[in-house]
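This report concerns only the one structure given below.
The values are calculated or read from the model by the stated rules, or taken from the named source; none is laboratory data. Note that this is a predicted model, so its numbers are computed, not measured. Reconstructed Cβ throughout: ideal geometry from the backbone, glycine too, with neighbour counts over all protein chains shown.
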């Protein structure tokens with residue numbers, strides 16, 4: 001659910017009788033899922049006629065937050081992570097994950113002992129206690145260096161055996177600088193592959 005977009009509509013409802021019209025990032029397509037779930041209401045023909053008269057120009061589309069939408073925002077704010085400027089323990093790093101990235105890590109830690117290289121100790125607990133930050137629309141975990149490497153390996157497995165392709169691995173490497181396998185190892189493995197006598 002696009003909580004940031006819902007929040008943006010609520011923040012913009014000051015004028016036009018609580019209606020918000022098309023703006024950058026807000027149109028019938030982007031708002032469609034929120035309308036479908038009853039969190040936004042589209043202006044009726046009568047509403048649009050009244051808005052057009054007030055604005056002095058045609059208003060072809062507008063939305064406003066419903067009562068359910070306001071309650072969802074209140075609930076999301078209650079669940080949001082309280083801003084923490086320091087990690088809960090020394091040596092831990094804050095990592096912000098998309099929902100899909102968190103799902104990959106959940107699959108990874110669920111495999112546990114079935115893998116030849118098990119997830120790093122404590123990663124399962126970090127994933128289980130991930131908290132949603134509504135402001136950034138990301139899931140927040142705090143992990144150490146070994147767990148970061150283990151996360152990179154999870155995204156490596158997803159790249160080669162999952163449905164998400166290279167996106168999560170590339171994103172993790174770009175933002176946090178952690179790659180699996182480490183570049184040196186990857187190049188060595190490629191060189192060995194090229195030198196294999198049976199090829």
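Within the range 163-172, the set of residues being out of contact with any helix residue (DSSP H, G or I) (no Cβ under 7 Å at 6 or more places or on another chain) and either surrounded by 14 or more Cβ atoms within 10 Å (Cβ to Cβ) or outside any helix (DSSP H, G or I) (or both) comprises 163, 167, 171. For the range 125-147, indicate whether the set of residues that are closer than 30 Å to residue 9 by Cα, part of a helix (DSSP H, G or I) and modelled with pLDDT under 95 is non-empty. Taking every residue of the range 125-147 in turn, none turns out to be closer than 30 Å to residue 9 by Cα, part of a helix (DSSP H, G or I) and modelled with pLDDT under 95.
So which residues in the range 74-93 are modelled with pLDDT of 80 or more and exposed (fewer than 15 other Cβ atoms within 10 Å of the Cβ)?
74, 75, 93
Across the range 11-49, the qualifying residues are those that are assigned to a helix (DSSP H, G or I) and crowded, with 16+ Cβ neighbours inside 10 Å, and the one among them that is modelled with the lowest pLDDT is 16.
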